[in-house]
Amino acid sequence: MGATPGDERNGALLCTAMGKTGKPCRAFRAAGSTLCRFHSPESDGDREKAREAAREAHVEEAGRLRLDTAADVRQLIEETAQKLRAGQIHAGAAVALDRLARTALSAIEARQLEEATAELAARRAQQGPTVRRRK
Ligand SMILES: [Zn+2]
């Protein structure tokens, strides 16, 4: 099981609690619970513990992030834009994520160029040595 990275968030995986704003919580459920770590009873009444749990959940979520393909990067940009618009992240965080996305894209492009170059070289090698004409 387990959602592949880049999947839309499955409602069955999300916390069933209501957020402060009256909207459903968007955090992933903790293992073996219908609530996220932030809303789980263990962290009830303990703000510091709850904050720590939420931070861990974020780290867990970030660990699922993959930036191997242009589609992955696009997904990150879309999620970042959504979170920014929803006020879930600060503008500074969005700028940092945008910068990371650009770096990831550059790396992907560089890798693709490398692969294309290697493919060309392999093709040339298959064709055998070319006859050089000197004038
Ligand atoms: Zn929750």
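The values are calculated or read from the model by the stated rules, or taken from the named source; none is laboratory data. What you see is a predicted model, and the numbers here were worked out from it, not measured in a lab. Note that we place each Cβ from the backbone using ideal geometry, even for glycine, and neighbour counts take in every protein chain shown.
Here's the yes/no breakdown for (1) among the basic types (K, R); (2) under 30 Å from G22 (Cα atoms); (3) surrounded by 12 or more Cβ atoms within 10 Å (Cβ to Cβ):
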residue: E60; (1), (2), (3): no, yes, yes
residue: A70; (1), (2), (3): no, no, yes
residue: K83; (1), (2), (3): yes, yes, yes
residue: A91; (1), (2), (3): no, yes, no
residue: L100; (1), (2), (3): no, no, yes
residue: L105; (1), (2), (3): no, no, yes
residue: E109; (1), (2), (3): no, no, no
residue: E119; (1), (2), (3): no, no, no
residue: R123; (1), (2), (3): yes, no, no
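In summary, T34 fulfils each of the numbered conditions (1) of a type in the set (S, T, N, Q); (2) assigned to a helix (DSSP H, G or I); (3) over 24 Å from L97 (Cα atoms) with the single exception of condition (2).
Taking the numbered list (1) modelled with pLDDT of 90 or more; (2) within 16 Å of the ligand (Cβ to nearest atom) in turn, I108 passes all entries but (2).
Among the residues of the stretch 15-28, how many are crowded, with 17+ Cβ neighbours inside 10 Å and within 8 Å of the ligand (Cβ to nearest atom)? Break it down into steps so the answer makes sense when it comes.
Filtering the stretch 15-28 down to residues crowded, with 17+ Cβ neighbours inside 10 Å leaves 15, 25, 27-28.
Still in the running and within 8 Å of the ligand (Cβ to nearest atom): 15, 25, 27.
Qualifying residue count, the stretch 15-28: 3.
All conditions but one from (1) in a helix (DSSP H, G or I); (2) modelled with pLDDT of 80 or more apply to A57; the one that does not is (2).
Restricted to the stretch 29-38, and to residues that are buried (at least 17 other Cβ atoms within 10 Å of the Cβ) and without any contact (Cβ under 8 Å) to a residue 24 or more places away in the chain, which residue is nearest to the ligand (Cβ to nearest atom)? Selected residue: C36. The test for being in a helix (DSSP H, G or I) and either out of contact with any strand residue (DSSP E or B) (no Cβ under 8 Å at 6 or more places or on another chain) or of a type in the set (D, E, K, R) (or both) holds for D98.
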